[in-house]
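Below is one structure, written out as structure tokens, with a few remarks after it.
The values are calculated or read from the model by the stated rules, or taken from the named source; none is laboratory data. Here the structure is a predicted model, which is why all the values come from computation and not from measurement. Please note: Cβ atoms are built from the backbone with ideal geometry, for glycine as well, and neighbour counts cover all protein chains shown. In case anyone asks, the SASA skips ligands and DNA or RNA and just uses the protein heavy atoms, side chains included. Shrake-Rupley method; radii C 1.70, N 1.55, O 1.52, S 1.80 Å.
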Amino acid sequence: EAQVTQNPRYLITVTGKKLTVTCSQNMNHEYMSWYRQDPGLGLRQIYYSMNVEVTDKGDVPEGYKVSRKEKRNFPLILESPSPNQTSLYFCASRFEGTGVGSSYNEQFFGPGTRLTVL
Amino acid sequence: DAKTTQPNSMESNEEEPVHLPCNHSTISGTDYIHWYRQLPSQGPEYVIHGLTSNVNNRMASLAIAEDRKSSTLILHRATLRDAAVYYCILTGGDIIQGAQKLVFGQGTRLTINP
């Protein structure tokens, strides 16, 4: 089954304790992305990756790191979590069409990771 | 990014058609219109997309106005499982793919009554 998986699904941690949220997709997609969802603010993009070893900042990258060493995995790293990073996080992937006009590519989202930083 | 406007909420009855409107008066000629939905406690899922012509798939239909300044997502026969937040999103078709992203607004919260 084609899917995007995230782990853990729920996490409660304390300020300053480094954590990693994993994301994996089995569709051989080039493009992967992380979003956070907060009440009243909707979903906002944190980082994205066009392919292995190619990453770039989204709209709200502060306090986050990512890496893309393998095509299927795109972990989100919080080096020193703070309470304002308490949120619902979604990983997504899509096929990266070549050239212009391929923005129709369907984006697949993971089930979400609910993070609470105390 | 071109902006979309959707009603905050809508309500319908099970087994009836639902028409979800979206206004995008500043849409450019190369912008695609996408619809995603987010069911409770789940990640967003793709529903349908289009550029100029009306589109149909197994989930829904997308009706695009001739001037492209508005569109309507049509659920032909709503079920309880269709209760979700529906997002209308534009992406620029003239932007190199890597810069493409989905910009989610507040969407329309659809309630389906049994």
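Observations, loosely collected:
- Of the criteria (1) within 30 Å of residue A:89 (Cα to Cα); (2) of a type outside the set (Val, Ile, Thr); (3) within 11 Å of the chain's Cα centre (by Cα), which one residue B:43 fails: (3)
- Residue check for residue A:82: among the small types (Gly, Ala, Ser) and at pLDDT 95 or above: yes
- Listed by first and then second residue, the pairs with beta-carbon distance under 8 Å, at least 6 apart or on different chains, first residue in the stretch A:5-18 and under 13 Å from residue A:87 (Cα atoms) and touching a residue at least 40 places away in the same chain (Cβ under 8 Å), second part of a loop (DSSP other than H, G, I, E, B) and open to solvent by less than 90 Å² (accessible area, probe 1.4 Å), are A:9/A:111; A:9/A:112; A:13/A:81.
- Taking residues in the stretch A:27-46 that are on the phi < 0 side of the Ramachandran plot, and partners anywhere that are charged (D, E, K, R) and modelled with pLDDT of 95 or more, the pairs with Cβ atoms closer than 6 Å and at least 6 places apart or on different chains are A:44/A:36; A:46/A:36.
- Filter result for the condition that a residue is open to solvent by less than 50 Å² (accessible area, probe 1.4 Å) and within 8 Å of another protein chain (Cβ to nearest Cβ), over A:16, A:42: A:42
- Of all the residues in the stretch A:28-38, those that are over 15 Å from residue A:90 (Cβ atoms) and surrounded by fewer than 14 Cβ atoms within 10 Å (Cβ to Cβ) number 1.
- Scanning the stretch A:45-65 for residues that are open to solvent by less than 50 Å² (accessible area, probe 1.4 Å) and either more than 16 Å from residue A:117 (Cα to Cα) or at pLDDT below 95 (or both) turns up A:45, A:46, A:47, A:48, A:49, A:58, A:60, A:61.
- Counted residues, the stretch B:15-72 - those being open to solvent by less than 60 Å² (accessible area, probe 1.4 Å), in a strand (DSSP E or B) and touching a residue at least 12 places away in the same chain (Cβ under 8 Å): 23
- Across the stretch A:72-96, the qualifying residues are those that are among the polar types (S, T, N, Q) and assigned to a strand (DSSP E or B), and the one among them that is nearest to residue A:32 (Cα to Cα) is A:93.
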